[in-house]
Amino acid sequence: MREHAATHQPDAPPPAIGSSRVIAYAIVDKRVHFTGTQRLFVGDKLLGRTPRIAICKSLQRELKGYLVLFCSKRWQVLGIAGARSLPLAKKEVERHYAGIADKWVTVNTSAKAAKRWLAEAHPEDVCSFCGQFSYEVDAMFTAQSAVICSSCVDAFSNELKRREPA
């Protein structure tokens, strides 16, 4: 298995896809054969060969294990599968994409780096008051110059009620 620094790869994914940090990825080129044995449905349609695959760890603490993201050329998620470990995730992908084993690029993006990238790339998904991300709260409310999460709205509401004269 080859391991490369993602910074040298022109087709590398961003540090985070959705609310997940990228651990490893592979570009599905002509030398990789899609076996057609994968049965991953998106809605009511069977997902076929995808040009990019990323193995990720969710930034949401309650989600354990690894996510296998089947992506478009621009790293847009087309389908998702899960695995308990990185070796199991790779093994499952390799069952359906023959020849991909030597295509894996390990990047192991840290949670801190992924969150920093998400905050810069998608500031509308970060609360301006507490810094929580949209995946960490129930809702986000966006105005022209600020974003506030439902947790902060609740906290501000409770504080206003507490300050009301009796």
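Coordinate-derived values only; no laboratory data. Quantities reported herein were computed from a predicted structural model and do not represent experimental measurements. All Cβ positions, even for glycine, are placed from backbone atoms using ideal geometry, and neighbour counts span all protein chains on display.
Assorted remarks:
- Across all Cα pairs in the chain, the calculated P(r) in 5 Å bins from zero up to the longest distance comes to 1, 8, 15, 18, 16, 12, 10, 7, 5, 3, 2, 1, 1, 0, 0 percent per bin.
- Charge dipole magnitude, Cβ of K and R +1, D and E -1 - the stretch 6-114, Cα centre, debye nearest 20: 80 debye
- In a fully extended conformation the segment linking Thr37 and Ser151 would gain 36.6 nm over its present Cα-Cα distance, using 0.36 nm per residue.
- The alpha-carbon of Lys73 sits under 14 angstrom from the alpha-carbons of these aspartates and glutamates, leaving out residues fewer than 8 places away in its chain: Asp11, Asp29.
- Volume of the Cα convex hull of the stretch 122-163, divided per residue and given in Å³: 66 Å³
- Residues of type lysines that Lys161 reaches as a straight line, Cα spacing below 26 Å, ignoring anything fewer than 8 places off in the same chain: none
- This ranking places Thr106, Thr37, Thr50 by how few other beta-carbon atoms lie within 10 Å of each, fewest first, which gives Thr37, Thr106, Thr50.
- Spin-label pair Arg116/Leu78, simplified geometry with 7 Å Cα→Cβ offset, distance in nm: 3.2 nm
- Of the trypsin sites (Lys or Arg not before Pro) found in the stretch 20-123, those in coil by DSSP whose Cβ has at most 10 other Cβ atoms within 10 Å are Lys30, Arg31, Arg39, Arg61, Lys64, Arg74, Arg84.
- Beyond 30 Å in Cα-Cα separation lie the following of the pairs Lys30/Lys57; Lys90/Lys112; Lys90/Lys115; Lys45/Lys115; Lys30/Lys112; Lys30/Lys90: Lys45/Lys115; Lys30/Lys112.
- The chain: calculated mean residue ellipticity at 222 nm from DSSP helix runs of at least 4, using -39500 (n - 2.57): -6500 deg cm²/dmol
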